[in-house]
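The values are calculated or read from the model by the stated rules, or taken from the named source; none is laboratory data. Remember, it's a predicted structure, so these values are computed and weren't measured experimentally. Methodologically, a virtual Cβ is constructed for each residue, glycine included, from the backbone with ideal geometry; neighbour enumeration extends over all protein chains shown.
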Amino acid sequence: MERSGRRPTRRWAAAVVASTAAVAVVLPVTTAGAASGPSGIGAKGAFLLDSGPNRSLWGKDADTKRQMASTTKIMTAVTVLDTPKVDLDKKITVKQSYRDYVARTGASTADLRTGDQMTVRQLLYALMLPSGCDAAYALADSFGEGGTEAARTTSFVARMNKKAADLGMKNTKYDSFDGISQAGNTYTTPRDLAQLARHAMAGSTFGTVVRTTSTRQKAANVNRTYYWDNTNKLLGSYKGAIGIKTGTGTAAGPCLVFAAQRGKRTLVGVILNDPANRYPDAAKMLDWAFGTKTAVKLRELPPSAQKD
């Protein structure tokens, strides 16, 4: 059996052209200040939400627009899953153009092989665990409308923006299906991204995918099995962690959208541009809200896993 998905070495999302400052617009902040929240959070933007009652707990520059790198893929998945009568078992054939895109941009990849047939459900794992930009391309191409790949992916991004508007994400915009934004026009705020994460986690399929630390998925038409590890190191490291998505880019910096559940309480958090401490900061934020002090030893990824 031919193995795939473990071959690529470390790849990062492609560098974006515009600087974060180009999209940083400070709006009035209504969330609590650092004095009444977790201390020592190094992220430039952060937000913490009590998901059940949809109650804001704490924020740091919660309404400042920033680039979000591959956390964009949360909306990619939501746009697919919120498609009326979506068929998760529909087979999609991997095109060479998806691989060419990854090679051209130096993007994170699920190492999908040309000609392999994967179901929509499998592509969601490829999208969210190894942060596959090839999987994002495949989904955008398949769920968009138009006579060409360019037209279909453009229409899919338009659907992402429509969904953002429907969810009340007033300070969010997408110009890409995977977070690789050549013009710097894919941006959000910590508050908006937390609302998106809350919506996404309400879906059972999304929740199942993003809490998975690793998976094996076999192509439908050939004898090939893909092995994908989740780039989110909080999973398996913090008690109760159940997702959600990492992201790293030159302008966006290291980002993390995370969730944890203890008892009947679920917290959703967002960290944007945290140069060195996104996982410890996420744990601090969760501990502050749960009223606990959790010892965290981060789960190590295999050397062949994607880094995002």
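Among the residues of the stretch 116-152, what is the count of those that are buried (at least 21 other Cβ atoms within 10 Å of the Cβ) and hydroxyl-bearing (Ser, Thr, Tyr)?
Matching residues across the stretch 116-152 total 3.
Only one of 100, 82 is farther than 13 Å from residue 139 by Cβ and of a type in the set (Asp, Glu). Can you tell me which?
When all the criteria are applied, what remains is 100.
For the condition of a type outside the set (S, T, N, Q), surrounded by 20 or more Cβ atoms within 10 Å (Cβ to Cβ) and at pLDDT below 50, what is the one hit in 13, 24?
Answer to the check: 13.
Among the residues of the stretch 100-109, write down those that are surrounded by fewer than 24 Cβ atoms within 10 Å (Cβ to Cβ) and farther than 14 Å from residue 149 by Cα.
103, 104, 105, 106
Check off (1) in a helix (DSSP H, G or I); (2) more than 14 Å from the chain's Cα centre (by Cα) for residue 196 and give me the number that stays unchecked.
With (1) in a helix (DSSP H, G or I); (2) more than 14 Å from the chain's Cα centre (by Cα) applied to residue 196, the lone miss is (2).
For the stretch 236-277, give me the residue count where each residue is at pLDDT below 95, farther than 20 Å from residue 133 by Cα and outside any loop (DSSP other than H, G, I, E, B).
0
Quick one: would you say residue 112 is crowded, with 18+ Cβ neighbours inside 10 Å and either at pLDDT below 95 or assigned to a loop (DSSP other than H, G, I, E, B) (or both)?
Spelling it out, residue 112 is indeed crowded, with 18+ Cβ neighbours inside 10 Å and either at pLDDT below 95 or assigned to a loop (DSSP other than H, G, I, E, B) (or both).
Quick one: would you say residue 247 is touching a residue at least 40 places away in the same chain (Cβ under 8 Å) and out of contact with any strand residue (DSSP E or B) (no Cβ under 6 Å at 6 or more places or on another chain)?
no
Listed here are the residues, each with its yes/no results for (1) outside any helix (DSSP H, G or I); (2) without any contact (Cβ under 8 Å) to a residue 24 or more places away in the chain; (3) among the hydrophobic types (A, V, I, L, M, F, W, C).
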residue: 163; (1), (2), (3): no, no, no
residue: 170; (1), (2), (3): yes, yes, no
residue: 181; (1), (2), (3): yes, no, no
residue: 184; (1), (2), (3): yes, no, no
residue: 209; (1), (2), (3): no, no, yes
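Spot the failing condition for residue 118; the list is (1) under 30 Å from residue 304 (Cα atoms); (2) under 18 Å from the mean Cα position of the chain (by Cα), and only one is missed.
Tallying (1) under 30 Å from residue 304 (Cα atoms); (2) under 18 Å from the mean Cα position of the chain (by Cα), residue 118 fails exactly one: (2).
Could you tell me which of the residues 273, 230, 277 is buried (at least 17 other Cβ atoms within 10 Å of the Cβ), farther than 30 Å from residue 117 by Cβ and of a type outside the set (Lys, Arg)?
Numbers: 230 fails: farther than 30 Å from residue 117 by Cβ; 277 fails: buried (at least 17 other Cβ atoms within 10 Å of the Cβ).
Only one candidate qualifies: 273.
Quick one: residue 182 ticks every box in (1) modelled with pLDDT of 95 or more; (2) under 19 Å from residue 102 (Cβ atoms); (3) over 14 Å from the mean Cα position of the chain (by Cα) bar one, so which box is it?
Result: residue 182 passes all but (1).
Within the stretch 159-179, does at least one residue satisfy the condition of being farther than 26 Å from residue 258 by Cα, among the small types (Gly, Ala, Ser) and either crowded, with 22+ Cβ neighbours inside 10 Å or touching a strand residue (DSSP E or B) at 6+ places or on another chain (Cβ under 7 Å) (or both)?
No, there is no match, as no residue in the stretch 159-179 is farther than 26 Å from residue 258 by Cα, among the small types (Gly, Ala, Ser) and either crowded, with 22+ Cβ neighbours inside 10 Å or touching a strand residue (DSSP E or B) at 6+ places or on another chain (Cβ under 7 Å) (or both).
For the stretch 57-72, does any single residue satisfy the condition of being out of contact with any Cys (no Cβ under 9 Å at 6 or more places or on another chain), closer than 24 Å to residue 227 by Cβ and among the acidic types (Asp, Glu)?
Within the stretch 57-72, none of the residues are out of contact with any Cys (no Cβ under 9 Å at 6 or more places or on another chain), closer than 24 Å to residue 227 by Cβ and among the acidic types (Asp, Glu).
Among the residues of the stretch 35-46, is there at least one that is at pLDDT below 50 and under 27 Å from residue 276 (Cβ atoms)?
yes
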